[in-house]
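See below for the structure under consideration.
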């Protein structure tokens with residue numbers, strides 16, 4: 001999975017990769033996906049992971065969100081969706097990962113700008 005995420009990170013320009021190495025961002029996404037997959041039975045439960053001074057939270061339900069909070073500055077950015085932040089797609093195995101990466105990046109950008 002890590003190589004798939006790194007490939008996706010290389011395909012686009014993400015603001016979060018200006019502050020963190022792609023390896024670190026990939027590890028964040030892997031951790032979030034792992035926590036989301038362990039909590040499928042409790043759809044809509046919020047999972048969180050830290051990266052540097054930021055806390056990322058994901059509510060993986062229909063109409064869910066990804067948030068990014070700066071623990072030092074007290075700022076929070078949110079990325080919302082009409083679908084799910086992370087999902088499995090039989091036609092494109094990377095679609096759910098790409099969506100989660102884009103939402104993490106949008107929440108990070110909103111938090112830092």
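Structure notes:
- Filtered residue count, region 13-44, keeping only those that are outside any helix (DSSP H, G or I) and either touching a residue at least 40 places away in the same chain (Cβ under 8 Å) or surrounded by 14 or more Cβ atoms within 10 Å (Cβ to Cβ) (or both): 4
For (1) touching a residue at least 40 places away in the same chain (Cβ under 8 Å); (2) part of a loop (DSSP other than H, G, I, E, B); (3) under 10 Å from the mean Cα position of the chain (by Cα), each residue gets a yes or a no:
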| position | (1), (2), (3) |
| --- | --- |
| 55 | no, no, no |
| 61 | no, yes, no |
| 68 | yes, no, yes |
| 73 | no, yes, no |
| 78 | no, no, no |
| 83 | no, yes, no |
| 87 | no, yes, no |
| 92 | no, yes, no |
| 97 | yes, no, yes |
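- Criterion violated by residue 17 - all others in (1) at pLDDT 95 or above; (2) over 12 Å from residue 105 (Cα atoms) satisfied: (2)
- Scanning region 72-108 for residues that are surrounded by fewer than 17 Cβ atoms within 10 Å (Cβ to Cβ) and in contact with a strand residue (DSSP E or B) (Cβ under 6 Å, 6 or more places away or on another chain) yields 76, 78, 80.
The values are calculated or read from the model by the stated rules, or taken from the named source; none is laboratory data. Predicted model, so just to flag it, every value in this text is computed and none were measured. Cβ: placed from backbone, ideal geometry, glycine included. Neighbour counts: every protein chain shown.
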